[in-house]
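Single-structure report; data block below.
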Amino acid sequence: MDSFLEEEEDEEAAVGRKRSPAAPAGSTLQPPLHLPFLPVLLHQPASSHENKVNFKKSKEACLSYIQDAMLQKQWKRAAEFLTFYVESLEKDYSREPISPSEMIWRIGTEILCHHSHSSMKEFNCFVEQMKTLGVKRYLKVCLEHVFHLLCNGQIDEAYQNLSLAESWRFGEQTALQDKEMKLIQAYRGLLDYYSWSKQKNVLLERGLDGFADLSVEQEMHSCFRKAAVNLKEIIKIPGVWDLFVKCYVDLLEFYGDHNEARQVLNEYAYNSKFPANPNAHVYLYQFLKRQGESKKSVISALKILHDIVPSHELMIDFNTMLQKSKKRKKRRLGLEVIFAALDYAGWKENVKAWSCLARQVKQIVISEKHLDWIKQEWNSRKDWWPAFHFSRYLAKRNWQENKNLSYEKALVAGILLGKDGKYFKYVSHQGCKAQVKRFRILKKFVNRRNPVYLRISGLSDSSVQP
Amino acid sequence: MLTHALSACQRDFNERCAQCSEVNWGLTDGGRYYCRSCHNVTERTREVVNTDFMTNSRVQTISKGSRKQEKTDGGCEWYVCEGFQLILKKQAEALEALGVCSQMKDEVLYSFWRCYLQKSKQAYCNRPAGETVKALSVRESSTDVDSEPERPSLLHLLSLSESEGDLLTDCSFASSMSKVSESTSIYSGSVDGSLYLMKNQKEKLRMTMPTTLSFCYMALLWLREPITLSELLRFVVEGHIPYLNVFQHFPEKMKLCGLDLKIFCVESWPVYEEVYNKMLELAVFLDLPRFPDITDSCFLHPDMLCIKYLMEANLPDELHNWTCRVVKKIGIGEVDFLTLVPGNKSTRKVKYDILAAAVIVVVLKLLFLLDDHYEWLLSDLAEERNKNNKEGGLYFEFKKWYEVVKHSLDVEQKKLDEERAKYLWRCEKPLFYSVKNKSRVLKRRQMVVNLQNQFGKLSGSVRRAEKPNPSSFQLRWSEENTDGSCFHGHSLKGILQEKCGLLTAMNPDYWLCTVKLCNEKLCGHLAHYREEDFPQSYHFVLRLFSFLLRIQPSYIHDEVCMIEHKLFNKKLYKKLKYNTVLRK
């Protein structure tokens, strides 16, 4: 195909032959170059980009080294690169989403928290510098500092810092950081609560001994006032304030202001401006229980909790409460609650939950009323519960690990899946073999009630009388 | 600038002549004052003699008290070109310390700089540039020229008119400029900093920081010093040649602020292309004649540079034979091709370092094809032969070479990347745009130092070690090492064959990096490089040289394409024609 190339090759070869053919390397008389063939298809290239190495790029690279080091917990290395990164402070990058000064604050804090050679003194020194560095996040830096102090048990220093931060004024910045200020005040309130509760304990101890110290009592009351004012403020703002709410309610209850406490908890739980928060309902439920309130209000608190977190641990209490109820509707809800709880893996091996379910299911089967409740609940679960709860493997394991659990589960499985279900079959067989009385009774019960299974699973709707 | 000094000297000595009572002084060659009316030579000598070209005349005159009084902040009047002069001096001194001959600083660079000042009308001319100056009446002045030191060479090139009036400007120039400085001092510390950036400087070349390096490179090229541009720039980055923060060496009284920062502060490393192109522009601007010939005994000749790069790339010495043949075949070793002729638009200007690297790449392609297949095949063959052949030299195994070099390259690249990330850009001497934010800047600086100390302690490693000694080689391979990591002595026999009595490559095929070259003047590139479009072996080789030269792989690729097209010009032309015939 490349016939036209030959002439050139020949020509070159001829020239080569004229000269000494095997010229040694490096000599001036070199053989001419022999050119290879070109491919059939020729290649088409594309463009490239190039970048300058400059200050900013170098600092960006530095930052990514720091991040890598931090992810791998190489604090020394991170500190090393940070030494070079701090230079970016001298350059104004106001357009960046996170300014270098904020970066340095966050990274530096993290390094100082984890580095083996850092000390509290060093940390304080760093934070003081960071405070002067950015007015825009002055209070954030203060707050972070306080947390660090608290984590290191320096409560007095933390309190001092909070008070100082509270008195900070910086033109319009003070107004702009209003939210942070509220937090600062709230945390000061929390520390006031802390000393109140300490003094309360001192007084209670001494009270037992018959001593009553007026000054301690007064101080305690002043702590109460300071704490109450600040805590009350923060929980007005929509948000998740579990800690603050708990402390505030504790204060109110101690001084007997139950109405206020109820109002606070109701607001916290039911105000739609607040984000959905299961704990709000838990606190309300606990308060109502403490106050010995009516079943109705307690149940309504738990009903909402059930809606938000069906797997909550209080669902056992809720179910027990509902089962006892005389109203059909509530018992129906109870069944729903316990079924829903057992949908979650966390409850899989909880004997209490299974016994709740077993008890209620057994009751229904014996009374032969409301079998449709079970049928309805079972309908949506029959595809996956057998594998999730009632496999042969689980039967074996439950039997080995917890006989009580396997008893309760076998009862439920027997009713839901009939006497031929894997779980029931295995457990009842094992139980009979071990000659345990209740398992024999269980076997009898299930065998006798087998038609119920057929009804629940919808296999013989017409043949069995309601 | 020299002119200022002269007018200053005139003002310095204004006593009446002892013989004729005239005040009309000139300067003798010996630096003594003589009376132009009666030719009476006094005993008084001028104290400021600008014999050392790098001596900053203005700064010197300040110390003599002749310069305009100090400003309130303790600074003095100074001009932007003086700043650059100082920088050039520092850079030339550094180059001298690196072993460049002293001619470079004392003669070549000096002449270039003077010529530049004259051509750009900043000194050595009748009317220095600047709007304000034009308005002034140009009075005949009568002080003699400063004594010119003997310059045996090159001066003739510079067409420096040394007649009296030529070097003189109006006496009131300095005072008029001080008016300028008063009105503009808010914006710059130097007298003409603000004018410098404002002026429409299209017709003349404005000095920038990268241009200082263009000056240096031009001087080095003129002297045919064994240093390439890529090396020069690497020495700059490594800190052997002052560039970044060089203003910290300015005298105390030269205050930088405002627009001066824009001129003298750099936050980027010099870019090869920029420095190179500026050098070409400068050579044209200065009307320089053809540069001294680059012959095959010069370091910059591709045959010489190839030796260096082959060594550094740990490739067999035997390859040099092949690079020489390629160089010869396409005539890129010719003096006319290699020698720089400023302003000659018909020839492509040569980047010696990139050219040599590209020659090696082309040779590797010729022998090994670098198509991610053939080179491994050859490597397996060589391995086989090495197993059987216990005596004699080893055959070159591409695979082993790749492994060894890749490892070193990765290690060095990682080191380099980290060094770049760890680079400290700021110096002790803080700069501020205006006095207003001085305290803020100083505070920031203090904080940075504090934080550096605090985290430096936590970093465990001691402050950065001394900068490494300057070296031409970045990768080193020694045959004394017994670990077999040096391939210089390896033989290519395995991949060559005897054909018609001469050794040719076994490889009969070739692939071109590009079919058609782009127009460099329109597109800026001869070719375009995208890593994923090319074989990995090829990219690896480009990456290796890209690391050695500290330039983008695409620059080497461009040059490879250029060489290939010269090499295959005839074949390619025929083939393309053949293809079009087929299509018809």
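Here's the yes/no breakdown for (1) touching an Asp or Glu at 6+ places or on another chain (Cβ under 7 Å); (2) of a type in the set (A, V, I, L, M):
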site	(1), (2)
B:390	no, no
B:393	no, no
B:405	no, yes
B:408	no, no
B:419	no, no
B:425	yes, no
B:436	no, no
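Remark: pairs (first residue in segment B:430-448, within 11 Å of residue B:258 (Cβ to Cβ); second residue basic (Lys, Arg) and in a helix (DSSP H, G or I); Cβ separation under 8 Å; 6+ apart in sequence or on different chains) = B:432/B:438; B:432/B:440. Could you tell me whether any residue of segment A:82-98 is at pLDDT 90 or above and more than 10 Å from chain B (Cβ to nearest Cβ)? No, segment A:82-98 contains no residue that is at pLDDT 90 or above and more than 10 Å from chain B (Cβ to nearest Cβ). For segment A:423-460, a residue qualifies if it is surrounded by fewer than 18 Cβ atoms within 10 Å (Cβ to Cβ), within 43 Å of the chain's Cα centre (by Cα) and in a helix (DSSP H, G or I), and the qualifying residues are A:429, A:438, A:454. Among residues of segment A:305-334 that are more than 20 Å from residue A:288 (Cα to Cα), those with a beta-carbon under 8 Å from a residue that is in a helix (DSSP H, G or I) and basic (Lys, Arg) at least six positions away or on a different chain give the pairs A:333/A:303. Of the residues B:420, B:426, B:444, B:440, the single one that is within 7 Å of chain A (Cβ to nearest Cβ) and more than 19 Å from residue A:80 (Cα to Cα) is B:444.
Select the helices (runs of 4 or more DSSP H) contained entirely in segment A:99-188, then report the ones holding at least 1 residues which are buried (at least 19 other Cβ atoms within 10 Å of the Cβ).
Numbers: elements: A:100-114, A:120-133, A:138-151, A:155-166, A:171-176.
Ranges flagged: A:100-114, A:120-133, A:138-151, A:155-166.
Can you pull out every residue in segment B:317-363 that is over 21 Å from residue B:513 (Cβ atoms), within 12 Å of chain A (Cβ to nearest Cβ) and not in a loop (DSSP other than H, G, I, E, B)? Hits for segment B:317-363 are B:320, B:321, B:324, B:328.
Taking segment B:510-530 as the range and being at pLDDT 80 or above and among the charged types (D, E, K, R) as the test, only B:530 passes. For a quick check of your reading of the model, give me the residue pairs whose first member lies in segment B:221-242 and is closer than 13 Å to residue B:92 by Cβ and of a type in the set (Gly, Ala, Ser), whose second is modelled with pLDDT under 95 and not in a loop (DSSP other than H, G, I, E, B), with beta-carbon atoms closer than 9 Å and at least 6 apart or on different chains. Cβ pairs passing all conditions: none.
Checked against (1) surrounded by fewer than 16 Cβ atoms within 10 Å (Cβ to Cβ); (2) closer than 26 Å to residue A:364 by Cα, residue A:315 passes all but a single condition, namely (1). Taken across segment B:522-537, residues that are assigned to a helix (DSSP H, G or I), open to solvent by less than 10 Å² (accessible area, probe 1.4 Å) and outside the structural domain of residue B:227 (by TED's automatic domain parsing) do occur, with at least one present.
Considering A:377, A:368, the condition of being among the acidic types (Asp, Glu), open to solvent by 10 Å² or more (accessible area, probe 1.4 Å), within 25 Å of residue A:302 (Cα to Cα) and modelled with pLDDT under 90 is satisfied by A:377 alone. Of the residues B:268, B:214, the single one that is assigned by TED's automatic domain parsing to the domain that holds residue B:193 and without any contact (Cβ under 8 Å) to a residue 40 or more places away in the chain is B:268.
The values are calculated or read from the model by the stated rules, or taken from the named source; none is laboratory data. This one's a predicted model, so the numbers in the text were calculated from it and none came from an experiment. A quick note on method: Cβ atoms are made from the backbone with ideal geometry, for glycine too, and the neighbour counts reach across all protein chains shown. Keep in mind that these areas ignore ligands, DNA and RNA; they rest on the heavy atoms of the full protein, side chains included. Shrake-Rupley method; radii C 1.70, N 1.55, O 1.52, S 1.80 Å.
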